[in-house]
Amino acid sequence: MDLLVEQIIFFAFAGMTVLAGAVVVAVRNPVHSVLALVVAFVASAGLWLLLEAEFLALVLIFVYVGAVMTLFLFVVMMLNIRELPSREGFVRFLPLALFALAAIVAMMVFVIGPQHFGLAQYAIPAHHGADYSNIRELGLVLYTHDVYPFELAAVLLLIAIIAAISLSFRGRRVGTRSQVPSAQIAVKSADRIRIIKMASEPKVKR
Amino acid sequence: MTFTIPNFIPAIPEIFMLVMICVILMTDLFLGKRIKSIAYSLTQLTLIGAFLLTMHQYGMPKVYTFDHMYVLDKLAILSKLAILLVSFFVFLYSREYIGMTKLPRGEYHILGLFAVLGMMVLVSASNFLTLYLGLEVLSLPLYAMVALKRDSGVASEAAMKYFVMGALASGMLLYGLSMLYGVSHSLDFTAVAKVVSETSPAHSLILIFGLVFIIAGIAFKMGAAPFHMWVPDVYDGSPTSVTLFISSAPKIAALIMAYRLLVESAPGLIIQWQHVLMVIAVLSIVLGNVVAIAQSNIKRMLAYSSIAHMGYMLLGIIAGTKAGYASSLFYVFTYSMMSMGAFAMLLMMSKSGFEAENIEDLQGLNSRNPWYALMMLLIMFSMAGIPPAVGFFAKLGVLEAVINANMTWLAIVALIFAIVGAYYYLRVVKVMYFDDPKDATAVTAPMDMRIAITINGLAVIALGLFPSALIGLCRNVFFG
């Protein structure tokens, strides 16, 4: 692919990511926030595609956009928060925040510019052919060379679920309706339907 | 692509811990209702088991495994032993309090063990990826443990602050690490260190940029000024047993993390990180000691004191010598022992419905239980750095290291504020011995706790009288 085309695609996706990120924090309606986050994820998936990480890009869309953000949207909609009542201190802290933002952006431009990470220092990585399989490469290292961090990440997920359950589960309260599968399976038709035999009514003459 | 099965033997203690955590998780689920103490006893057995397994590795030559991601060296072994020992005492002290405040036993112990596992992974990391994962495995359970007292608004607020601050710190750390990765194209400590020392000064701007973020992340996790804001709120807001945990073993892990990141992976930037750390250490020592004077809440006072102690601990790293690192290691071991004793005393003073958290709550402890008062006295003397308690030798070690590194002004500042700090430690002693108690009932605790606090208090004085054994162990790590 032509380098220029690639650059245009990169800046389009990168700009979209930054813009969507700004919208996430700037809009008042939480539903719009979530939708803007979806845009940010899709745009970053585009960036990953440029890096030839097709599998990760697709996973980002499937998992984050498809599952996580949908769940987020459900939660936000269920909580029924139309608009946040007010943004306390937004104006008050704005100058400080803008200053910090400007300082960090200036530092980043100064440090991560082409003079340090330009083509002179780092050559363009070679493009892979059409027969290159992203998933294959991942699969080769994930359970072999990277097995230790992989297991640690699994431990992290286990901790997350234990923590979430222990913080939110408050024991079965009186009056909570819940399913009892064993009783559901053991039920007989006689428990549910009562067949009443009754004489048919005589015809009423008009 | 060739692949050989990694050598699992060095990681046996971690594997044992993880397996046992899963066993406890299941056992507590099915037997926790009937046998109330099962989670506690199994937890302590696990810690003892892991301690013995690690002990068995002591003296083994340095070995890498899991594709150079896991290292077992003397530093890792010694700090793992310390972490396991401290955690054993922490759970022992907390048992009574957990029952009293009706914290969920099973979850509490499981999350605690996960945090211990995280510390072990962290101190054995030789790769940015495993270091970061270890850090998260350590932090995530701690956030949850702070919030375990669900009905308390203060605890939830503390947990929220801790979580947001922790996430921010992780983000900063990752950003800094990504800079080092960008230059070195490697996550491995030794490979990064090689590239860092070979980089030309023109290129080192990126490295310094990354280093600043890494140090900010480390300071956040350690709770050193100016990234200390969360420390007093978290210490104050969490259940005392969780404060006890947070203030002891994780500090050891935080020091090792700082050592691995700065000394092992960026030795070429020593001038730069020395300067940044100097600012952090001086700020921590000054701010911690001065603000602690104004506190009437003893948990907050100890929180500010911990900020100051982190500053002293960093002095050894700043010195940049092997003797300096050894003195930092000695400092953190003794600090976690003292901090553990101080919070354990608060746990023993608490009764159901009453939390000992103000300095006044210690009034007249001498007449209520002279032995406990003596133990607390020893711990306070040690924290203040008064000989012959061990805290004196810890401070002496780090000060000696900075003086030998020709940074005498730093030692003078540290010394002046150590004297300022002595005021608030001695105030606790004064309150215990010379004030009349409001509540004259005797303070009692179960036998195991009494034995533990006695060992803890006497260890403070014994190590102060005979410090050479522990100092020798710490020096052996770096000089051997």
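The values are calculated or read from the model by the stated rules, or taken from the named source; none is laboratory data. Owing to the predicted nature of the structure, the values given are computational and were not obtained by experimental measurement. Glycine gets a Cβ as well: all are built from the backbone with ideal geometry, and neighbour counts include every protein chain shown.
Listed conditions (1) of a type in the set (A, V, I, L, M, F, W, C); (2) surrounded by fewer than 24 Cβ atoms within 10 Å (Cβ to Cβ); (3) over 20 Å from residue B:402 (Cα atoms) are all met by residue B:303, apart from (2). Specify the residue that is surrounded by the fewest Cβ atoms within 10 Å (Cβ to Cβ); the eligible residues are those in the stretch A:43-59 that are under 16 Å from residue A:11 (Cα atoms) and in contact (Cβ under 8 Å) with a residue 24 or more places away in the chain. Among residues in the stretch A:43-59 that are under 16 Å from residue A:11 (Cα atoms) and in contact (Cβ under 8 Å) with a residue 24 or more places away in the chain, the one surrounded by the fewest Cβ atoms within 10 Å (Cβ to Cβ) is A:50. Selection within the stretch B:189-224: residues that are surrounded by fewer than 19 Cβ atoms within 10 Å (Cβ to Cβ), not aliphatic (A, V, I, L, M) and not in a helix (DSSP H, G or I). The member of this set that is farthest from the other protein chains (Cβ to nearest Cβ) is B:201.
A count restricted to the stretch B:1-20 and to residues that are aromatic (Phe, Trp, Tyr) and either in contact with a Cys (Cβ under 7 Å, 6 or more places away or on another chain) or within 11 Å of another protein chain (Cβ to nearest Cβ) (or both) stands at 2. Would the stretch B:154-163 turn up any residue that is without any contact (Cβ under 8 Å) to a residue 24 or more places away in the chain and under 18 Å from the mean Cα position of the chain (by Cα)? Yes; the residues of the stretch B:154-163 include at least one that is without any contact (Cβ under 8 Å) to a residue 24 or more places away in the chain and under 18 Å from the mean Cα position of the chain (by Cα).
Residue count for the stretch B:152-172 under the criterion of being at the interface with chain A (Cβ under 10 Å from one of its Cβ atoms) and surrounded by fewer than 24 Cβ atoms within 10 Å (Cβ to Cβ): the result is 1. On the stretch given as the stretch B:38-64, residues that are outside any helix (DSSP H, G or I), out of contact with any helix residue (DSSP H, G or I) (no Cβ under 8 Å at 6 or more places or on another chain) and either under 27 Å from residue B:96 (Cβ atoms) or at pLDDT 90 or above (or both) total 1. Of everything listed in (1) within 30 Å of residue A:141 (Cβ to Cβ); (2) within 14 Å of chain A (Cβ to nearest Cβ), the single unmet condition for residue B:26 is (1).
Does the stretch B:75-87 contain at least one residue that is within 14 Å of chain A (Cβ to nearest Cβ), buried (at least 18 other Cβ atoms within 10 Å of the Cβ) and at negative phi? No, the stretch B:75-87 contains no residue that is within 14 Å of chain A (Cβ to nearest Cβ), buried (at least 18 other Cβ atoms within 10 Å of the Cβ) and at negative phi. Screening the stretch A:166-206 for residues that are closer than 30 Å to residue B:148 by Cα and among the hydrophobic types (A, V, I, L, M, F, W, C) and picking the one that is modelled with the lowest pLDDT gives A:174. Scanning the stretch A:20-35 for residues that are over 12 Å from residue A:72 (Cβ atoms) and surrounded by 18 or more Cβ atoms within 10 Å (Cβ to Cβ) yields a count of 1.
The set of residues in the stretch B:127-138 being surrounded by fewer than 24 Cβ atoms within 10 Å (Cβ to Cβ) and more than 7 Å from chain A (Cβ to nearest Cβ) consists of B:132 alone.
Could you identify the single residue in B:415, B:374, B:362, B:378 that is closer than 30 Å to residue B:446 by Cα, surrounded by fewer than 19 Cβ atoms within 10 Å (Cβ to Cβ) and not charged (D, E, K, R)?
B:374
On the stretch given as the stretch A:133-153, residues that are farther than 18 Å from residue B:18 by Cα, at the interface with chain B (Cβ under 7 Å from one of its Cβ atoms) and surrounded by fewer than 16 Cβ atoms within 10 Å (Cβ to Cβ) total 1.
If you take the residues of the stretch B:425-446 that are in contact with a Gly (Cβ under 6 Å, 6 or more places away or on another chain) and surrounded by 12 or more Cβ atoms within 10 Å (Cβ to Cβ), which of them is nearest to residue B:357 (Cα to Cα)?
Once the filter is applied, the top-ranked residue is B:437.
For the stretch B:9-29, the criterion of being free of Cβ contacts under 8 Å to residues at least 12 places away in the same chain and in a loop (DSSP other than H, G, I, E, B) is met by none of the residues.
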